[in-house]
Amino acid sequence: MTHRERVRRALRREPADRVPIFLWFHPDTARKLAALLAVPPGVLSVALGDDFSQTWVGNNYAMEGITHEREGDTHTDDWHIRWVRSGAFNQVLHSPLRGASEEAVRRYRFPHERIPGLLGNMKSVLRRQGEYFVGCDISPSLFEMICRIRGMEEAMLDLAENPRLAEDLLEKAALFGIALAEGACAQYPLDWLWTGDDVAGQETLLMSPRLWRALIGPRLARIVEVGMKHGLPVAYHCCGAMRAIIPDLIAMGVEILNPIQFGCPGMEAGGLKRDFGKQLTFMGGLDTIELLPRGSPAEVFRATRTLIDTMTGDGGGYILAASHTIPPETPAENIFALYEAAGETREAIFDRASTLRAAASSPT
């Protein structure tokens, strides 16, 4: 069974040879694993047996796709957001509309002229087209995007005190997201469209459901509609306690929900599967705070197996993923244990790594 067919069966809630896998790692974790397997970090997912080939074409490329060698190195992206490497990740150093006047906010323009270049990032994943499930990530699309441009505190104040100004910036973000999605769907042979917007904290939404439904939901629906129009399933990412808007997401056509932080109120695995499993494929849920870094390999195996069994009670409808990036303090044996629980043994992983090394060393 190809990686692509395995994912498609999960989306149809049909049994497959094993659960599909889409895991992402802290950069330091990826480097350690790649060194252990003696493969370049760029092919780590192939060695591990992951089923997806996906990259960012939206602002998340500026956050995660651009890497710096040294702590404190910076870059400015196409939205005029300035980023700095802090630890292993890029963090927002300067938001272009922080402290700006209402007139300046209304004058701000999204970088539509940069869309062709942003879409060019997809070329790196299309080499695996056909065998792997190809995704295009256009996130963040709305609220999270304006938080990066305006600064989170001022973005929240706009929502509460000047909703017309917030709506102006949200509409610009929506139009850019629609254009980016249209370009990606028209230009590339995608298997799904991925969007996202972190609108929840660890306890509840960052705004009232009423406000989300008034200002954000309808605009998100227009972005989702682009994928649906092109016959693609649409995946949506939102961390935290976001159960209140799950019915809204289903109503607008979202089919895959990520990353499922089961420790947050209302996000318990069995309850989500029971209440929404007929409409949604869930992706995520592996605990990266206690289980993976601190559990034993046996505990990781059992918990992963239980999660898979709980979320595939209808034969499919689940993609194995973590609730966040897997941290560098996670023992390699725990990572191999979770892959084994999914049906990818340590031996198979090392065999694939050996094949990749042989292919890299053979003359062209």
Legend entry - Subset of the range 172-203 [part of a helix (DSSP H, G or I), among the small types (Gly, Ala, Ser) and touching a residue at least 60 places away in the same chain (Cβ under 8 Å)]: 173, 177, 179, 183, 184
Legend entry - Yes/no for residue 352 being free of Cβ contacts under 8 Å to residues at least 60 places away in the same chain, within 18 Å of residue 33 (Cα to Cα) and of a type outside the set (S, T, N, Q): no
Inset, instruction - Output the residues belonging to the range 113-139 that are assigned to a strand (DSSP E or B) and within 15 Å of the chain's Cα centre (by Cα). - result: 133, 134, 135, 136, 137
Inset, instruction - Give just the number: which of (1) closer than 25 Å to residue 360 by Cα; (2) surrounded by fewer than 17 Cβ atoms within 10 Å (Cβ to Cβ); (3) among the β-branched types (Val, Ile, Thr) does residue 74 not satisfy? - result: (1)
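Filter the range 45-85 down to residues that are part of a loop (DSSP other than H, G, I, E, B) and either basic (Lys, Arg) or touching a helix residue (DSSP H, G or I) at 6+ places or on another chain (Cβ under 9 Å) (or both), then give me how many there are.
Selection size over the range 45-85: 13.
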Inset, instruction - State which residue is surrounded by the most Cβ atoms within 10 Å (Cβ to Cβ) when the search covers only the range 265-316 and only residues that are in contact with a Phe, Trp or Tyr (Cβ under 7 Å, 6 or more places away or on another chain) and in a loop (DSSP other than H, G, I, E, B). - result: 285
Inset, instruction - Report whether or not residue 82 is closer than 22 Å to residue 138 by Cα, touching a strand residue (DSSP E or B) at 6+ places or on another chain (Cβ under 7 Å), among the charged types (D, E, K, R) and surrounded by fewer than 19 Cβ atoms within 10 Å (Cβ to Cβ). - result: yes
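Readers should treat all values here as calculations from the given coordinates under stated rules, not as data from a laboratory. Everything numeric here is computed off the predicted structure, so don't read it as measured data. Don't worry about glycine lacking a Cβ; one is built from the backbone with ideal geometry, like all the others, and counts go over all protein chains shown.
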